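Below you'll find the structure, written out as structure tokens, and then a few comments.
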Amino acid sequence: MKINANFFNLKDDYLFATVADKVAAYKRANPGKDVIRLGIGDVTLPLPPAVVKAMAAAALEMGQGATFRGYGEYRGYPFLQEAVAKYYEGKGVALEDSEIFIGDGAKSELGNILDVFDKDNTVLIPDPVYPVYVDTNVMAGRRAIFQDGNAGNAFLPLPDESVKADIIYICSPNNPTGAVYGKAGLKKWVDYARAQNAVILFDAAYEAFVRDSSLPTSIYQIEGADTCCIEFCSLSKTAGFTGTRCGYTVVPHKLKYGGAELNKLWYRRQSTKFNGTAYVIQRAAEAVFTPEGFDETRVNIAYYLGNAKVIGDSLKKLSIWFTGGENSPYIWLKCPNNLTSWEFFDFLLNEANVVGTPGVGFGKNGEGFFRLTAFGDRENVVRAVERVERLLS
Ligand code: PLP
């Protein structure tokens, strides 16, 4: 038996482990110190009441003979597909229910979709970015090339016509940079993908954080995107589902490559390797799209965005360059005094007892940058910001 040798090509997943080790070592050496974490990539607010109510009601249904459910639909239950379709209608995007696939979150869907693509495709990945795009392709032995994000393009790289790519990743609002593409930028990517006969994998995991109504919240708000884009979305950050697990993937019927409809291939893949998201969870997810659930989730998002504003306002006061924080829970800042990402990490930990995430962990272009997140507690965010201001003023 031979193992998949591509695994040897994966870089060590050292980023968050090293952060945790350094924080633990600091705490051991300084037991009385109050360390505040602004590096959390997980939500901290509990599930909204409407979601919990729906989840509990569905759990009770599962215990009654008359309402018990066994295996569900491979694409998800129609009640949730319809709720998602209605949500897209509100964005001006018309979807058929069969174009919506309910899954257990964006991470697995982003990895699993690669089953329908040939290994010899060239993948174009922005740098810096969410590491899952790179690692899932390395595991499959697929060649990846990178599109540079930097301060010059505000971490929103645009296509280079001279580069040939087959599979293109775009994440907007972006993790880790918090940068959000406008319609003109996304149109350039859609036109480029169509000219290359490529497919765009659009990660919209943070779409619910967009407050500026001129910014797109779905790639399908861009003309032509329904012929070349798959969109991945998640309730993790939208509604606190990181531990509950539910997301959806949109594969329009118009996506056709080499005579094959991608929607049919994806359905075939799902029906072979996936038996659906739990009924109880899909009912909880449905509640996110009810007027009550929608309002409750938006209150939580507004809280996180309030944290982001506190951080952003402070960085402006300190004249530190940053992206994100307005339509995103992430703030991506240039390390002051030309420190490297890890030097700044150590400096903040030791001198202010504040923890963030070194940008270099998200790709080579992240060197010299640093990610802060807005998922913490307001009081802690305010205290952390005060400490950083004292240190850097
Ligand atoms: N996409 C991006 C850009 C993310 O940052 C994350 C989670 O941090 C995910 C996808 C994964 O989301 P999920 O919890 O739905 O798997």
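The values are calculated or read from the model by the stated rules, or taken from the named source; none is laboratory data. Quick caveat, the model's predicted, so the values are computed rather than measured. Counting neighbours? That spans all protein chains shown, and the Cβs are built from the backbone with ideal geometry, glycine included.
Points to keep in mind about this one:
- The number of residues in the stretch 25-38 that are small (G, A, S) and modelled with pLDDT of 95 or more comes to 2.
- Enumeration of residues in the stretch 113-134 that are within 15 Å of the ligand (Cβ to nearest atom), modelled with pLDDT of 95 or more and in contact with a Lys or Arg (Cβ under 7 Å, 6 or more places away or on another chain): D127
- Count of the stretch 137-177 residues, restricted to those that are closer than 19 Å to G366 by Cβ and buried (at least 20 other Cβ atoms within 10 Å of the Cβ), is 14.
- Within the stretch 44-84, restricting attention to residues that are over 29 Å from P252 (Cβ atoms) and in contact with a helix residue (DSSP H, G or I) (Cβ under 6 Å, 6 or more places away or on another chain), the residue that is surrounded by the fewest Cβ atoms within 10 Å (Cβ to Cβ) is F68.
- Single match in Y26, Y14, Y87 (criterion: assigned by TED's automatic domain parsing to the domain that holds K273 and either surrounded by 11 or more Cβ atoms within 10 Å (Cβ to Cβ) or not β-branched (V, I, T) (or both)): Y87
- Taking first residues from the stretch 39-67 that are under 30 Å from N380 (Cα atoms) and modelled with pLDDT under 95 and partners that are away from the ligand (no atom under 16 Å from the Cβ) and of a type in the set (K, R), no Cβ contact under 7 Å between residues at least 6 apart in sequence or on separate chains turns up.
- Selection from the stretch 160-212 of residues that are within 11 Å of the ligand (Cβ to nearest atom) and touching a Cys at 6+ places or on another chain (Cβ under 7 Å): F202, D203, A204, A205, E207
- Given (1) within 16 Å of the ligand (Cβ to nearest atom); (2) within 21 Å of the chain's Cα centre (by Cα), number of the condition P252 does not satisfy: (1)
- Any chance G152 is in contact with a Ser or Thr (Cβ under 7 Å, 6 or more places away or on another chain) and either in contact (Cβ under 8 Å) with a residue 12 or more places away in the chain or more than 16 Å from the ligand (Cβ to nearest atom) (or both): no
- Residue match in the stretch 30-49 (condition: over 23 Å from Y206 (Cα atoms) and assigned to a helix (DSSP H, G or I)): no
- Applying the criterion of at least 3 residues that are surrounded by 22 or more Cβ atoms within 10 Å (Cβ to Cβ), within 23 Å of the chain's Cα centre (by Cα) and assigned by TED's automatic domain parsing to the domain that holds F375 to the helices (runs of 4 or more DSSP H) found wholly in the stretch 259-357 leaves 291-317.
- The stretch 93-111, subset among the small types (G, A, S) and more than 18 Å from the chain's Cα centre (by Cα), residue farthest from the ligand (Cβ to nearest atom): A94
- Top-ranked residue in the stretch 227-245 [being in a strand (DSSP E or B) and over 13 Å from the mean Cα position of the chain (by Cα); ranked as surrounded by the fewest Cβ atoms within 10 Å (Cβ to Cβ)]: I230
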